[in-house]
Amino acid sequence: MAATEPQRTPDDTGRARVSVRALVLLGVVAIGILTVDQLAKYLIVSNLEVGEIVPVLGQILQFHFVKNSGAAFSLASGFTWILSIVALGVIAAIVVFAKRIKSAAWAWMLGLLLGGALGNVTDRLFREPSFGQGHVIDFIQVWGFPAIFNIADIAICTAMGLFLLLTLRGVRLDGTKASETIERIPKPDAPGASEE
């Protein structure tokens, strides 16, 4: 007797289509962030000297070219290799979890995080002074903010904000909400109901 393949329901086909759309969205967002980040850094390195400041909106927004050997706010200077390994771990985790995503919001969040992580890890791996110990190019300075940052940092911070919002709203990777699952659980019979 010939083995029969399991029949796909329309619901399975719809889920697969949504999953593919979410993966495409994640990839497009990540590639877009990486491209804009690296292009902006290229323009800064090509046109400014380290330490040079160019006012964009007076004191409110300036381009201030610095090389950052640490993490955000220049913390952990001298631990570039460790930061590179952590970033590569984050990238690997996103790639592993990407197959489970069916929600556009989660695709945006992980795309922003992946693009930002790729942007900064590219600097750490391929910029001076050496492979794996490169300094991240930071250049955006906003009045009243205590750090100079870049496009990748903006994407990572936006992703973290979106993560908190999705988590607080109970939205899962597949797009369902925790409250929807609770509603689907069958309720026990009312007290005093007759048993068969």
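Every number here is computed from the coordinates shown, using simple stated rules; none is lab data. Keep in mind that what you see is a predicted model, and the values were worked out from it rather than measured. Methodologically, a virtual Cβ is constructed for each residue, glycine included, from the backbone with ideal geometry; neighbour enumeration extends over all protein chains shown.
How would you order 126-138, 102-114 from highest to lowest mean count of nearby Cβ atoms within 10 Å?
The densest-packed peptide leads the list: 102-114, 126-138.
Where in region 99-120 does the amide nitrogen come within less than 14 Å of the point 7 Å from the Cα of residue 24, taken along Cα to Cβ?
Of the residues in region 99-120, 104 have backbone N under 14 Å from the label point off residue 24.
At what distance in nm do the modelled label points of residue 46 and residue 168 sit from each other, each positioned 7 Å from its Cα along Cα→Cβ?
That separation, rounded to one decimal, is 4.1 nm.
So, R0 is 35 Å and r is the distance between the beta-carbons of residue 88 and residue 142; what FRET efficiency does that work out to, to 0.05?
E(calc), rounded to 0.05, equals 0.75.
Let me check I have the definition right: for region 18-174, take the eigenvalues of the Cα gyration tensor, multiply each by 5, take square roots. What are those semi-axes in whole Å, largest first?
29, 18, 14
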